[in-house]
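Only one structure is covered here, and it is reproduced in the block below.
The values are calculated or read from the model by the stated rules, or taken from the named source; none is laboratory data. Predicted, not measured: the structure shown is a model, and the values here were computed from it. No Cβ is skipped: glycine too gets one built from the backbone with ideal geometry, and neighbour counts run over all protein chains shown. Keep in mind that these areas ignore ligands, DNA and RNA; they rest on the heavy atoms of the full protein, side chains included. Shrake-Rupley method; radii C 1.70, N 1.55, O 1.52, S 1.80 Å.
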Amino acid sequence: MSYFFVTGISIALFLTVILLTKKKKYTTDFILAGLLFFAAQTIFHSFLLETGLYLTCPDLFVLGFSSPIIVAVFLYLYTRYQTHNIQFQWRDLWHFVPAAIIFLIYTGFFFLSHTKKLTIMQSEGAGYEFENLLRISVIYISGIIYSFFSLRILFKYRRNIKNEFSNTERIEFNWLVFLIIGILTIWLIVLFEQSEKIISTSSTIFVILLGYFGITQVNVFGSKVATVSTVVLIDDEKGKDPDKLPHPVKYQYSNLSEDESLQIHEQLLKILESEKPFLNPELTLAELAKLIPTHPNKLSEVINKYERKNFYDLINERRIQEFFRLLNMPENKQYTIISLAYDCGFNSKASFNRNFKRYTGKTPSEYLNSQEQ
């Protein structure tokens, strides 16, 4: 088991270095680096316990008491910043207060003599019963609460993502949803089992998976799509930067006039027909709004009102229509279905198949076979 822990620690620290040495770093890179570093500290804490080295290095052992709490906080912040178009906010540091308190209540331990420290360790924390109970309670509570909050953010984000993006395969965070559900399940098990090994083993697996997917995952609001604005039109948000608003879609307080709505809709249809912006696989609501031009909030409302669908469905419906146009052209008979799909703005076979079936009720192969009969 100790070799397994060493592997987890090595991978976590290696990925931390990779993240911190990237040429172009986002806020989420720093958060993920912090998460991986303290996850390594959590695993190291168990490594010391597993090998008996905690008696040799009691200070390092106690130093890791707060790390599971910090990991839970970083997971929540990573999820929040990855799914919201916001800059780092200093007020988020208050989430680390419980971890700081746990660290502070053990500060007296560091000033004890080595002999006294060994006595406490060998007696399983004699004299620190209250501190240990408080620490364990905070670890379990923070692990469950922050996992729950992370899932809540992800599900809310996934419900509204189709109002802003025309292709969502790379930014749906399916991997993160399953990972957090797994972590939440483990926390619930640990709540009853209270096993350090379960926490450490799951942390090691968590580090390997999160490190791989977290680094390879596209930064949703990075680089090209940094201008994407959230779709909110409510009175109490007036005057705020639209790039820093949350994701819910609400139009009940919209002051968009009927004449302006019709004008935007007419211009939208004209742009879709003449310029075919949907051929861009990475088209976003903000980019389409610039072509009209209008505010993304207004465009989203118009699409919902007159087209009776969200931005994602509108654009992908146009891509399917374009696919049929290209498919019926004799000179395109030499091309494969998927190559034509890519020419229409789809960025994956799965996305094309899913939208094709939604539009026609059949898979591409089923449709083509029915046409040949």
For this session: Just the ratio, please: alpha-carbon radius of gyration of region 279-373 over 2.2 N^0.38 Å, N its number of residues.
Result: 1.20
Problem set entry | Loop-located trypsin sites (Lys or Arg not before Pro) in region 267-373 whose Cβ has at most 16 other Cβ within 10 Å (DSSP) | R308, K309, K333, K362
Exercise. Where does each of H295, H45, H114 land when they are ordered by accessible area, with a 1.4 Å probe and the largest first?
Worked result: H114, H295, H45
Exercise. Ranked from the most accessible area to the least, with a 1.4 Å probe and all protein chains present, what is the order of D313, D29?
Worked result: D313, D29
For this session: Sort region 42-104 into rounded, prolate or oblate with this rule: let a ≥ b ≥ c be the square roots of the eigenvalues of the Cα gyration tensor; rounded if a/c is under 1.5, and if a/c is not under 1.5, prolate when a/b is larger than b/c, oblate otherwise.
Result: prolate
Exercise. For region 82-123, what is the largest minus smallest coordinate of the Cα atoms on each principal axis, given in angstrom and ordered from greatest to least?
Worked result: 52, 16, 13
Exercise. Over 27 Å between Cα atoms, which of K298/K349; K162/K362; K162/K290; K309/K357 qualify?
Worked result: K298/K349
Problem set entry | Alpha-carbon spread of region 74-182, three principal axes, descending order, Å | 64, 29, 19
